[in-house]
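Only one structure is covered here, and it is reproduced in the block below.
The values are calculated or read from the model by the stated rules, or taken from the named source; none is laboratory data. From a predicted model like this one, the values you see are computed outputs, not experimental measurements. Methodologically, a virtual Cβ is constructed for each residue, glycine included, from the backbone with ideal geometry; neighbour enumeration extends over all protein chains shown. For accessibility, only protein heavy atoms count, side chains too; no ligands or nucleic acids. Shrake-Rupley method; radii C 1.70, N 1.55, O 1.52, S 1.80 Å.
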Amino acid sequence: MRQKILTGVDRSVLVLFSLLFGTTVISAGLSVNLKLTDVTLWSVGVLLIGGGSYVLTQTNLWLSPGTRQLVVSWSLFIAAIVGQVVVAYQFHPAIGFDAGAVHDALRHADDVSLIGYFSQNINNLPILMLFDALAGLFHTKSWFFFDVVSIVCVDLALLINIGTMTLVQRDNWRRLLWLETVFMTVFPWILVPYTDTVVMPVVALLLLAAAGLLNSRRWSLRAIWSLALVLAGVLAYFIKPSAMIPAIAVGLVIIRRIVQTQLWRDWRKMGQGILLAIVCVATVVGTVQWGQHQIDQQTVIRVNKGLAIPPIHFMSMGVAGDGGYNEQDALKMATLPERADKVAYSKTQLLKRLRQRGVLGYVTFLIRKQGLNTADGSFAWLREGHFFANLNDVQLWRGIEAWLTPSGRHLKDFQFLAQIWWLFFTVNNLRWVATPDRLATITATRADWRIYVFALIRGWTQPVCDSIFATVLFVGREHR
């Protein structure tokens, strides 16, 4: 009976995975970014270079697998890092919205509007505290400096991914290295230093710890990986709460493994597991309390916690319209003075919207939202309009700006190239569903979907489908 239940769960996971990831591939293939309108010969040249790099590093047509191919692969990776720094040096515009609020607070902490912003968005205090500490350590508050911080975080995450791949599927780490190298060339979000990029190495560390835990046999190693996992989970929670999704999924994997192996029949292992669970829970409780105390005692900016936006607001916004940003809800949170009123309003709107959609309508909405969240290979660059604080200061037709600004003559080239990479990436993953190892191969045993998780976390809509999908990814790790 137990095995039948597990098999049923596995098959359900596979169906759900296929549905959600299939939605991603179809949506990516139908993206407007693939339209050839305004695409120039620059795109053809870049594609030829990208194809050449693939042939050079992933096949034996030019170089046989070995030291030379390895040197070329890492040289391209390093060149991509240098390219990121050059891009940031040449083009580091002031950013508006949330990233701008964090940067402005470093210089004008007494600004009433900023005090109001952080009073409502308490969740952004940790990133403000981190940036304030870095600014004090390096004695600079320039946008270029924080762009470099963003680059370091992104690239560190990619390097950790290589480690994860080496742990779980050593033969594929070179392919991952190439995918990540290309990713670095079509990822302009390094120019927006905010939680989306800063949290990436933490989530990557969380996934590395999960892979280590699930692939370790020695008790001491499991203890180390478990502690690394919970610490990374807590840090991810403070930086960006939605980055906790993989940690929840890992918890489900652990529960499944306990049921599958009937751990309770081995008293020694059961005792070790209980002891480790107690230590992990104590670590989580202790670090959360310590972290919250640091936030409560922060002196970077004055805040009124009574104005904080409740989490249910984001749940309500996540089911409004197409699941993206809802200006009406945001304005309502700003006008309601009491937290209880904010909660009551958001709860009413959430229930109202769910009733309007109905069960079938809500399921359809989730599938559509999955497509919207993960279809854009540029990760929604300029999707909701520009976010530059001073657009007039940006030279729209010069250098890097021509590729990344609203009126840039090569913006369409960038979007087209990013979409080509994303489509290649998703199809490359989807084809693994047909392999004997199936979901186990495509999920936790393949670290390159870490970039896919970024798309979920960075998604322009609230992470309802994201939670489902990332959970499916990790639960699928045990499908063998």
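Per-residue 3J(HN,Hα) values for region 169-180, derived from phi via the Karplus relation 6.51 cos²θ - 1.76 cosθ + 1.60 with θ = phi - 60°, read 7, 4, 5, 9, 5, 5, 5, 4, 4, 5, 4, 6 Hz in sequence order (x marks Gly and Pro).
Close amide H pairs (under 5 Å, H built 1.01 Å from N) link residue 388 with 96, residues at least 5 positions away or on another chain.
Within region 118-180, none of the chymotrypsin sites (Phe, Trp or Tyr not before Pro) combine a DSSP coil assignment with at most 15 other C-beta atoms in a 10 angstrom radius.
Per residue, the chain reaches -23000 deg cm²/dmol at 222 nm when only DSSP H runs of four or more residues are counted, each adding -39500 (n - 2.57). Taking the charge dipole of the chain about its Cα centre, with +1 at Lys and Arg Cβ atoms and -1 at Asp and Glu Cβ atoms, the residue from 405, 73, 87 reaching farthest to the positive side is 73. The candidates 42, 219, arranged from most to least accessible area with a 1.4 Å probe in the full protein assembly, appear as 42, 219.
From the residues 136, 1, 380, which one has its Cα farthest along the dipole of the chain in the positive direction, the dipole being from +1 and -1 charges on Cβ of Lys/Arg and Asp/Glu about the Cα centre? Among 136, 1, 380, the one farthest towards the positive end of the dipole of the chain is 1. Once all protein chains are placed together, residue 322 keeps about 50 Å² accessible to a 1.4 angstrom probe.
Overall, the anisotropy analysis places region 120-239 in the oblate class: the square-rooted eigenvalues a ≥ b ≥ c of its C-alpha gyration tensor yield a/c not less than 1.5, with a/b not exceeding b/c. Rounded if a/c is under 1.5, else prolate if a/b beats b/c, else oblate: with a ≥ b ≥ c from the C-alpha gyration tensor eigenvalues square-rooted, which is region 309-404? Oblate is the answer for region 309-404, as a/c is 1.5 or above yet b/c matches or exceeds a/b.
Applying a threshold of 20 Å to the alpha-carbon distances of 141/305; 240/305; 240/332; 332/369; 342/369 flags 141/305; 240/332; 332/369; 342/369 as lying beyond it.
Charging the Cβ of each Asp and Glu at -1 and of each Lys and Arg at +1, and nothing else, the dipole of the chain about its Cα centre rounds to 2000 debye. Distance between the C-alpha centres of region 162-193 and region 1-52: 17 Å, rounded to the whole angstrom.
Only the Cβ atoms of Lys and Arg (+1) and of Asp and Glu (-1) were treated as charged; on that basis the dipole of region 327-395 about its Cα centre amounts to roughly 560 debye. Restriction of the trypsin sites (Lys or Arg not before Pro) in region 296-332 to DSSP coil positions whose beta-carbon has at most 14 other beta-carbons within 10 angstrom yields 302. Running Debye on the chain with equal point scatterers at the Cα sites and no solvent, what base-10 log of I(q)/I(0) appears at q = 0.06, 0.09 Å⁻¹? Cα-only, vacuum Debye calculation for the chain: -0.28, -0.66. Taking the centroid of alpha carbons for each part, region 350-393 and region 239-255 are 22 Å apart. Using heavy atoms of the protein chains and a probe of 1.4 Å, the accessible area assigned to residue 280 is about 20 Å².
Assuming a ≥ b ≥ c are the square roots of the Cα gyration tensor eigenvalues, decide whether region 24-99 counts as rounded (a/c under 1.5), prolate (otherwise, with a/b larger than b/c) or oblate. Oblate, since a/c reaches 1.5 and b/c is not below a/b.
Sequentially through region 99-108, phi angles give Karplus couplings (6.51, -1.76, 1.60; θ = phi - 60°) of 4, x, 4, 5, 5, 5, 5, 5, 9, 9 Hz, Gly and Pro residues having no value and appearing as x. Exposure check, 1.4 Å probe, all protein chains in place: residue 339 carries approximately 110 Å² of accessible surface.
When 252, 360 are compared by accessible area of protein heavy atoms, the largest-first order is 360, 252, using a 1.4 Å probe. For region 285-296, 3J(HN,Hα) computed residue by residue from phi via the Karplus equation (6.51, -1.76, 1.60; θ = phi - 60°) reads 4, x, 5, 5, 5, 5, x, 5, 5, 4, 5, 5 Hz, glycine and proline entered as x.
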